[in-house]
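The values are calculated or read from the model by the stated rules, or taken from the named source; none is laboratory data. Because the structure is predicted, anything quoted here is derived from the model rather than measured. Note: ideal-geometry Cβ built from the backbone for every residue, glycine included; neighbour counts use all protein chains shown.
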């Protein structure tokens, strides 16, 4: 069994795949929301995919991490894809890839002292998959003007400035490649070509592109590079979106809850061979991570001692309220609290703090062979 965990509102993103291309997997893959996971009276032995981490608030990622560690302690050999805290999300991943030399572009938060060294740039939300919030901005003045306008209606701490790095082909079209990571397996998904710099769909399909997509899916030419990208980002499941610049992959993001293979698109007939091949490779990858012993064992979930857990949070929020009042800006209390949670999550991901306060979390059982 595979238990695929995502946010309630986004289950439809993968449900389409399991309803069509991946229909044969429906008996072995169970889609649940994080809310449902946290309400389970028993946790079955299974492969768990912790998906959609970009959309989770800090407290849900922390709680999901408790489940991750509880499952790993109960079944050390269990496959648990994506640690809810260690898995790098958009900003940290792009910073890591830039520092390592694997990406030639950088990303910036608004509160940083660093500024872009190359243009154009664009602005997007850190935790959204809805695409950029701006057009390409070609000068510092254009960037400043866009930021002044956006911060009137968007939270500054959710905005990222990203240097743009891709190049059009001789026909002025941009190519974007996508591949899935399943543990250490890289599975090519598709090749999209558009005349827009932000490529979201297969706008152009001709003989050249059909052949290129077929060769990409069959040849998996960037496999070793993408495997190293996923390793650096500590990501075991997701879709890697990237372009090729001067022969070098430039990774734009790894979406931990992507659409897998849609049932239809405007060029479904022309791309049918490539889509079917990709769908079969993805199906094989899901089967490879399936836990064959699932359903034979279960364990009670970890206990979060509510009063102590929330008392600590209430105390922390009280400090944030006092701090904001002391500087005459009481409305900043939620922002201070959000930054405190981010700092705590970062410290936990680096091992500087325990994954959870030990007085608050304990296992209801240490018996890894407990059953219904």
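Residues are listed down the side, and each one gets a yes or a no for (1) touching a residue at least 12 places away in the same chain (Cβ under 8 Å); (2) touching a helix residue (DSSP H, G or I) at 6+ places or on another chain (Cβ under 6 Å); (3) surrounded by fewer than 21 Cβ atoms within 10 Å (Cβ to Cβ); (4) in a helix (DSSP H, G or I):
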site	(1), (2), (3), (4)
177	yes, no, no, no
188	yes, yes, no, no
192	yes, no, no, no
197	yes, no, yes, no
205	yes, no, yes, no
216	yes, no, no, yes
221	no, no, yes, no
229	yes, no, no, yes
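There is no residue in the range 290-298 that is farther than 30 Å from residue 16 by Cβ and either at pLDDT 90 or above or in a helix (DSSP H, G or I) (or both). None of 63, 124, 79 is crowded, with 17+ Cβ neighbours inside 10 Å, over 24 Å from residue 227 (Cα atoms) and touching a helix residue (DSSP H, G or I) at 6+ places or on another chain (Cβ under 7 Å) except 63. Checked against the criterion of being free of Cβ contacts under 8 Å to residues at least 12 places away in the same chain and under 25 Å from residue 52 (Cα atoms), the candidates 275, 287, 239, 280 yield just one match: 280. The criterion of being touching a residue at least 60 places away in the same chain (Cβ under 8 Å), in a loop (DSSP other than H, G, I, E, B) and under 20 Å from residue 251 (Cα atoms) holds for residue 165. Among all residues of the range 122-130, there is at least one that is touching a strand residue (DSSP E or B) at 6+ places or on another chain (Cβ under 7 Å), under 29 Å from residue 165 (Cβ atoms) and part of a loop (DSSP other than H, G, I, E, B). Counting only helices (runs of 4 or more DSSP H) wholly contained in the range 1-116, the ones carrying 3 or more residues that are assigned by TED's automatic domain parsing to the domain that holds residue 297 and touching a residue at least 12 places away in the same chain (Cβ under 8 Å) occupy 12-19, 34-39, 58-74. Considering only residues in the range 135-154 that are in contact with a strand residue (DSSP E or B) (Cβ under 9 Å, 6 or more places away or on another chain), free of Cβ contacts under 8 Å to residues at least 40 places away in the same chain and not in a helix (DSSP H, G or I), the one that is nearest to residue 200 (Cα to Cα) turns out to be 135.
Yes/no matrix, rows are residues, columns are (1) modelled with pLDDT of 95 or more; (2) touching a helix residue (DSSP H, G or I) at 6+ places or on another chain (Cβ under 7 Å); (3) closer than 18 Å to residue 129 by Cα; (4) surrounded by fewer than 17 Cβ atoms within 10 Å (Cβ to Cβ):
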| position | (1), (2), (3), (4) |
| --- | --- |
| 2 | yes, yes, no, no |
| 9 | no, no, yes, yes |
| 26 | no, yes, no, yes |
| 42 | no, no, no, yes |
| 69 | yes, no, no, no |
| 83 | yes, yes, no, no |
| 93 | yes, no, yes, no |
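With respect to residue 166, determine if the residue is touching a helix residue (DSSP H, G or I) at 6+ places or on another chain (Cβ under 9 Å) and either at pLDDT below 95 or buried (at least 16 other Cβ atoms within 10 Å of the Cβ) (or both). No; evaluated as a whole, the condition is false for this residue. The requirement of being surrounded by 15 or more Cβ atoms within 10 Å (Cβ to Cβ) and modelled with pLDDT under 95 is satisfied by residue 132.
From the list 269, 279, 263, the one residue that fits, being closer than 30 Å to residue 12 by Cβ, modelled with pLDDT under 75, in the same structural domain as residue 180 (by TED's automatic domain parsing) and out of contact with any helix residue (DSSP H, G or I) (no Cβ under 7 Å at 6 or more places or on another chain), is 269.
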